[in-house]
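*Asks:* Dumping the structure here so I can ask a few things about it.
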Amino acid sequence: MGSFDGKVAMITGAGRGQGRAHAIALAEQGADIVAIDIDHQITNVPYSMTSPGDLDETRAQVEKFDRRCVTKIADVRDFAAIDVAATSAISELGQIDILVANAGAYIGGPIADTAVEDWTTVIDINLNGVFNAIRAVAPHMIERQYGRIIATASGMGRHGAENLASYAASKWGIIGLVKSAAKELGRHSITVNAINPGMVDTLIVKNDYLRGLYNPELENPTDEDVAKKVYQGNLHYIPDVPFIPVEDIAKAVVYLASDDARYVSGGTIDVGAGYAANHM
Ligand SMILES: NC(=O)c1ccc[n+]([C@@H]2O[C@H](COP(=O)([O-])OP(=O)(O)OC[C@H]3O[C@@H](n4cnc5c(N)ncnc54)[C@H](O)[C@@H]3O)[C@@H](O)[C@H]2O)c1
């Protein structure tokens, strides 16, 4: 018997990385999964976002636990597509109890040089994408008087970030959205929270583009060079490796989705190996 037997979780950005880990962790405890991801590169995102077969691999991992997994290809920027994905998942699996609005991306560069299209793309994916997912499931959750909504913000939703203004602004925005949704939806027994990961072991950070963005002065920067810049000398917070395993973020998702967290709403949980010690 798992804690999520009979529950259904919809997860955006579930093709790889943290989203896949959340799908696996929730399925391991009994949830059926609706795994949503985009199937193509957004052209102005400067690192590889997705690979063919990502969602199939997530489904295979979920099915190892004898759970059902329906996969949906949809761009979180497109409300109609997310709404159709949620509606068809509800008719296939019966309901959606848990939403993990996790899809995210970034485009770096100084504000003074940023193309307006790049700013808009990041806000569209990270902030509007979380809104679209919440908007798609909220009426269904209100009707059922039950829901757990978890949005992935970031430690960067707590401070400014040089060369990543759109990313930081979008993640601050998610926290404002989560707090507002918690006020509106609490009376329907729906909790809404955000998770602020620190630096996590996924391809969104482990790529040449980010290595260069953080270390323009180095010829061949490494992931460890990125870690030093991100944590600005505070590596004593993270004794093993600078990159947090995805499973550790999934544990926070599992907690917020569980009955143990029934009175936890409107908040944020930082899983950043001490990163949060540097901000409010
Ligand atoms: N890895 C980190 O260090 C870190 C730190 C803090 C916050 N985050 C956030 O965690 C979340 C998960 O990221 P990750 O680390 O797993 O990175 P990732 O790049 O491995 O996974 C992100 C997933 O989101 C999907 N996605 C992106 N844009 C989409 C769109 N428009 N529609 C549908 N799917 C889309 C991608 O295809 C990908 O599968 C993101 O919101 C990210 O901003 C990551």
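The values are calculated or read from the model by the stated rules, or taken from the named source; none is laboratory data. Source: prediction; values computed, not measured. Using ideal geometry, Cβ is built from the backbone for each residue, glycine included, and neighbour counts are taken over all protein chains shown. Please note that ligands, DNA and RNA were not included when accessible areas were found on the heavy atoms of the full protein model with its side chains. Shrake-Rupley method; radii C 1.70, N 1.55, O 1.52, S 1.80 Å.
*Asks:* Considering the stretch 250-280 alone, what residues qualify as being assigned to a helix (DSSP H, G or I) and assigned by TED's automatic domain parsing to the domain that holds residue 176?
*Replies:* Passing the criteria: 250, 251, 252, 253, 254, 255, 256, 257, 259, 260, 261.
*Asks:* Further question: Look through the stretch 179-201, keep the residues that are among the small types (Gly, Ala, Ser) and touching a residue at least 24 places away in the same chain (Cβ under 8 Å), and return whichever of them is surrounded by the most Cβ atoms within 10 Å (Cβ to Cβ).
*Replies:* Only one residue tops the list, namely 194.
*Asks:* Within the stretch 13-24, is even one residue surrounded by fewer than 18 Cβ atoms within 10 Å (Cβ to Cβ) and more than 8 Å from the ligand (Cβ to nearest atom)?
*Replies:* No, every residue in the stretch 13-24 fails to be surrounded by fewer than 18 Cβ atoms within 10 Å (Cβ to Cβ) and more than 8 Å from the ligand (Cβ to nearest atom).
*Asks:* When you scan the stretch 35-56, do you find a residue that is open to solvent by less than 20 Å² (accessible area, probe 1.4 Å), in contact with a Cys (Cβ under 7 Å, 6 or more places away or on another chain) and under 18 Å from residue 249 (Cβ atoms), even just one?
*Replies:* yes
*Asks:* Could you please find all residues in the stretch 232-257 being open to solvent by 20 Å² or more (accessible area, probe 1.4 Å), at pLDDT below 75 and aliphatic (A, V, I, L, M)?
*Replies:* 235, 241
*Asks:* Exactly one of these conditions fails for residue 119: (1) away from the ligand (no atom under 13 Å from the Cβ); (2) buried (at least 18 other Cβ atoms within 10 Å of the Cβ). Give me its number.
*Replies:* It fails just one condition, (2).
*Asks:* For the stretch 149-178, which positions are open to solvent by less than 10 Å² (accessible area, probe 1.4 Å), more than 10 Å from the ligand (Cβ to nearest atom) and farther than 21 Å from residue 212 by Cα?
*Replies:* Correct list: 149, 150, 178.
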